[in-house]
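The numbers here are math on the coordinates, done by the rules we state, and not lab data. From a predicted model like this one, the values you see are computed outputs, not experimental measurements. Here Cβ is always computed from backbone atoms with ideal geometry, including for glycine, and neighbour counts include all displayed protein chains.
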Amino acid sequence: MFIKHTLALACMICTTACSASSNPAKTQASTQDFTAPPQVQKIVKHYAETAKIPGVAVAYIKDGKTQWVSLYGEASEENPVKETTLFNVASLTKPVFSMLTLQLVEEGKLTLDESLSQYWVDPDVKSDPRHNELTARLVLSHQTGFPNWRRDKPLAFMFSPGERHEYSGEGFDYLRKAVEVNTDMTMPKLMTDYITKPLAMNNTYFGWQPDKDASIATRYDEAAQEIEHKPFYKDSYSAACCTLTTINDYSKFIAWVGQGAGLSDELLSDVQTLQSQHDNPVEYYGLGWRLIKLPETTYLMHDGREPGVRAFATVAPETGEGLVILTNSSNGELLYRPLIESTLSVQNDYLAQTDKDAWVYLTSVPKEVQPRMIQFIAKSPSFVSKALYAANEAVFTQSGLQDKNSSTLKKKAENQIDNYVLGMVDGKYDGQTFINIMSALSQSLDDTVLLKHDLNEVVTVDGWVALLKQTTEASKVK
């Protein structure tokens, strides 16, 4: 149970002819030959240095075209990040596989709601009749009932398909096997025919490529220490992870999605529609993407995380605006917020909505799990930042205040959060500060600390700002 909720938090807080496809990906124009705006370069440099992020690559997409690429730092010792640097993008594989699946749906080779059992049944669940309920729609919206990974245990249902959300890499690989049987083609071959060749993604690889080792970014932990170099599972590829790509290639993919990915209006609408088959969802998935629902449009979002890997991508199919961030650091997530603020046209609404969604999730976690969840979050500057910003948005939104003084206080609180989180990276503060803050936002229930959803019942905006200041000042590491 605890592992389930910490994983979900991490996800809150990727030479054959294309004649096999009647609706292949449309080749996007090459990256524009100009660099990022000065303010973006300044932000990347500042956070890369203060948050100990060795290497960063960023791409901004507008009107379905890559506008600029920013590169900073080291891919490995004495090797700078280049446009040809290969980043492990972890779960940013899932959006690519999702769009591949939807191309097959568009062609009529697969439907979203047919049982996958006619193509593939994992031997571990063959005796469980619920395997007949599995569909592509349930897989792409993380409602299979499977855990993220089976690891050394047999695959088993944690709940019935469609009953709730549970982020699952196993689900994606289950669908991959069904698709491969259906088409009699391997996933890499399908990717070549439908996506990477049409989009000229010539430096994207599914599975480890030993001959590319020198081009692969070295991974670094939260203290900027090198993580031992290990290839993916030998000779394997996955629909859920294990992809190597460059900033130019992945930005081509995001630009293509920003153009509609060649999908019909109906199917593209499905991608952007909440797919929950249960009441009161606390996680918001469309088909293959987390949804950021804004007043005027919907952004698709996904991230990728492994030790020493943080990757992020978002795009709005309606407007064609998108952002890609690739890093080789466990602290890389600390760059997401400032880069969203400095690039996306809807930055304030986007961040406010993601913060609100995170608070809904945090306060939905069962009371018996919350204390351990808070302890887990306290170990990571990135997770602490996500949780504190979620609380911050809840405090100010629920207060109902929208005057100039409230805006000033909110900005002050944001600065205090940033100072504390970057202080954690430097060792100036420890995670106990975060635990103390969360305790102040909790109610006691049967001797268990439980975060309150309605924070206006426990703290005012002035009290919140004072709480941030007092707890951080009182808990400096001596």
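Before moving on, here are some points about what is shown:
- Rounded to the nearest 0.05, the FRET efficiency derived from the C-beta distance between F159 and S236 at R0 = 30 Å is 0.60.
- For the stretch 245-292, the Cβ-based charge dipole about the Cα centre amounts to some 220 debye (Lys, Arg positive; Asp, Glu negative; other atoms uncharged).
- Amide hydrogen neighbours beyond the local backbone of T363, cut-off 5 Å, H modeled: none
- Pairwise Cα separations in the stretch 2-330 fall into 20 Å bins from 0 onward with the following percentages, short to long: 33, 60, 7.
- Loop-located GluC sites (Glu not before Pro) in the stretch 58-92, at most 16 other Cβ atoms within 10 Å (DSSP): E77, E78, E83
- Between amide H atoms placed 1.01 Å from N, distances below 5 Å from K62 occur with Q67, G322, all of them 5 or more places distant or on a separate chain.
- FRET efficiency, 1/(1 + (r/R0)^6) with R0 25 Å, evaluated for N419 and V458 via beta carbons: 0.60
- Likely footprinting exposure, R151, R164, fewest C-beta neighbours within 10 Å first: R151, R164
- DSSP beta bridge pairing in the stretch 2-330, given as percent antiparallel to the nearest 5: 95 percent
- In the chain, helices alone account for a calculated mean residue ellipticity at 222 nm of -11500 deg cm²/dmol, with every DSSP H run of four or more residues adding -39,500 (n - 2.57).
- Fully extending the segment from H278 to E228 would add 13.8 nm, taking 0.36 nm per residue of separation and subtracting the current Cα-Cα distance.
- Loop trypsin sites (Lys or Arg not before Pro), the stretch 175-264, which have at most 13 other Cβ atoms in a 10 Å radius of their Cβ (DSSP): K234
- With θ taken as phi - 60° and the Karplus curve 6.51 cos²θ - 1.76 cosθ + 1.60 applied, the whole-hertz 3J(HN,Hα) list for the stretch 201-217 is 7, 7, 10, 10, 9, 9, x, 5, 10, x, 6, 9, 3, 5, 9, 8, 5 Hz, x standing for glycine and proline.
- Ranking of V89, V282, V384 by count of other Cβ atoms within 10 Å, fewest first: V282, V384, V89
- About the Cα centre, charge dipole magnitude for the chain (Lys/Arg +1, Asp/Glu -1 at Cβ), debye: 680 debye
- Length-normalised contact order for the stretch 66-155 - Cα pairs under 8 Å, 6+ apart - percent: 18 percent
- Percentage relative contact order, the stretch 356-474, counting C-alpha pairs under 8 Å, at least six apart: 36 percent
- For the stretch 356-474, the dipole from Cβ point charges (+1 on Lys and Arg, -1 on Asp and Glu) about the Cα centre works out to 240 debye, to the nearest 20.
- Placing unit charges on each Cβ (+1 for Lys and Arg, -1 for Asp and Glu) gives the stretch 2-330 a dipole about its Cα centre, and among Q41, S269, Y205 the Cα reaching farthest toward its positive end belongs to Q41.
- When the chymotrypsin sites (Phe, Trp or Tyr not before Pro) in the stretch 202-279 are filtered for DSSP coil states and for at most 12 other beta-carbon atoms within 10 Å of their beta-carbon, the remaining sites are Y233.
- With θ taken as phi - 60° and the Karplus curve 6.51 cos²θ - 1.76 cosθ + 1.60 applied, the whole-hertz 3J(HN,Hα) list for the stretch 140-151 is 5, 10, 6, 10, 6, x, 8, x, 4, 9, 6, 6 Hz, x standing for glycine and proline.
- For the chain, with +1 on Lys and Arg beta carbons and -1 on Asp and Glu, the positive-most of Y220, G145, H165 along the dipole: Y220
- P(r) tail for the stretch 82-190: Cα pairs beyond 17 Å make up 53% of the total.
- Separation of the E368 and K126 label points, Cα + 7 Å toward Cβ, nm: 3.5 nm
- Figure legend: label point modelled 7 angstrom from the Cα of K42 along Cα→Cβ; no residues of the stretch 324-349 have amide N under 12 Å from it.
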